[in-house]
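This report refers to the structure that appears directly beneath it.
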Amino acid sequence: NAEAALYRAKELGHQNFQFHTGEMNARSLARMTLENHLRHALERQELVVYYQPKASLSSGAVVGMEALLRWHSPELGVVPPDTFIPLAEETGLILPIGAWVLKTACAQNRAWRDAGIPSPPVAVNLSPRQFRQHDIAAVVAQVLVETGLEPHLLELEITEGMVMQDATRVTAVLGELKQMGLTLAMDDFGTGYSSLGYLKRFPFDKLKIDKSFVRDITRDPDSAAIAKAVIAMAHSLHLKVIAEGVETQGQLNYLQSQGCDEIQGYFLSKPVPAAEFERLLAEQRQLTVHEPGAVCPEK
Ligand code: C2E
Ligand code: MG
Ligand code: MG
Ligand code: MG
């Protein structure tokens with residue numbers, strides 16, 4: 001069986017050709033199945049954009065949202081983005097899929113505004129491959145024109161890895177996006193190089209502290225120290241700081257005490273479908289903000 005085959009292969013000293021047994025075949029079969037289904041997911045309307053609110057730690061109000069892709073496959077069930085986004089990236093399917101997410105999120109926000117619902121700016125994740133597209137700024141501009149969303153209501157989340165190569169091109173592209181009036185956020189900060197240099201060199205407006213630090217913030221002094229340092233550093237560069245993955249009052253209290261600007265996480269709300277997000281806006285869901293150290297969620 002696969003396990004025995006894997007064991008034998010390991011014994012033979014990691015010679016790759018030894019993996020041509022059950023294990024590899026099962027894995028590549030699963031991958032091919034996933035890929036085949038993903039190819040049709042867009043046209044079969046199996047992709048759905050969810051929205052997760054972001055709240056200000058000074059006012060408690062919902063001041064933003066992140067568009068997060070979900071795949072509801074009739075054959076495979078709900079496939080999490082961490083499974084299919086990397087595959088979409090490898091196969092290039094991320095280009096049509098990413099463009100669709102961008103358009104859907106912008107169109108939804110424009111529709112809310114047209115309906116008199118004061119929706120806050122929406123953040124959309126860009127993948128490395130999307131970002132490498134030579135005309136990415138034009139693609140974004142086109143979506144804004146088509147949907148009629150004002151540029152200041154669109155934010156793009158970009159990870160550090162994406163700005164590490166070809167500084168000349170990255171400077172030009174980010175400059176163009178900034179010039180259009182968009183907001184730029186560096187996502188997952190702390191997981192990569194966490195370089196001050198990139199933050200200084202490029203026109204980012206915001207930094208998102210990765211949830212892996214937030215998770216341990218109240219238990220692990222190192223995580224707390226990192227979050228504290230990142231907030232101070234970002235502020236010294238005039239960047240706003242948002243913490244992702246906030247699940248508890250304790251985490252929130254610590255972040256507030258360090259002057260973090262915004263939070264996003266299950267403590268406020270999970271990512272939800274558009275209709276549910278609309279309800280959340282209608283009820284004016286917010287965090288009750290008292291003095292630092294006393295913030296409570298309001299139902
Ligand atoms: P991300 O951009 O860092 O998004 C934040 C992730 O944290 C989301 O996972 C969100 O559901 C999750 N999260 C939010 N609050 C909490 C919390 O309190 N606790 C925990 N444990 N998790 C929380 P999700 O939706 O599964 O997405 C995972 C990643 O997939 C995203 O990470 C992003 O890198 C990627 N992704 C999602 N949608 C898109 C998309 O439309 N395009 C691209 N290129 N990537 C996407
Ligand atoms: Mg993100
Ligand atoms: Mg993130
Ligand atoms: Mg992430």
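Please treat every number below as a calculation from the coordinates, not as lab data. Because the structure is a prediction, the values reported are computed rather than measured. Heads up, the Cβs are rebuilt from the backbone with ideal geometry, glycines too, and the neighbour counts pull from every protein chain shown.
In loop segments of region 24-94 as defined by DSSP, there are no chymotrypsin sites (Phe, Trp or Tyr not before Pro) with at most 15 further C-beta atoms inside 10 Å of their C-beta. If R0 is 22 Å, what FRET efficiency do you get for Thr91 and Arg169 from their C-beta distance, rounded to 0.05? So, using R0 = 22 Å, E works out to roughly 0.40. Quick note on region 62-179: its Rg to Rh ratio, both from C-alpha atoms and Rh being the Kirkwood radius, is 0.98.
Computed with the Debye formula from one identical point scatterer per Cα of the chain, without solvent, the log10 of I(q)/I(0) at q = 0.08, 0.11 Å⁻¹ comes to -0.40, -0.74. Ordering Pro221, Leu182, Ile209 by the projection of their Cα atoms onto the charge dipole of region 178-221, which places +1 on the Cβ of Lys and Arg and -1 on the Cβ of Asp and Glu, puts Leu182 at the extreme positive end. For region 215-273, trypsin sites (Lys or Arg not before Pro) are listed when DSSP marks them as loop and at most 11 other Cβ atoms sit within 10 Å of their Cβ; the list is Arg219. From helices alone, the chain scores -14000 deg cm²/dmol at 222 nm; the rule is -39500 (n - 2.57) for each run of n ≥ 4 DSSP H residues, then divide by the residue total. Rg/Rh for region 37-126 stands at 1.03; both radii use Cα atoms, and Rh follows the Kirkwood definition. Across q = 0.09, 0.16, 0.21 Å⁻¹, region 137-256 modelled as identical point scatterers on its alpha-carbon atoms has Debye log10 I(q)/I(0) values of -0.28, -0.79, -1.13, in the order of the q list. For region 175-247, applying the loop criterion from DSSP together with a ceiling of 16 other beta carbons within 10 Å to the GluC sites (Glu not before Pro) yields Glu247.
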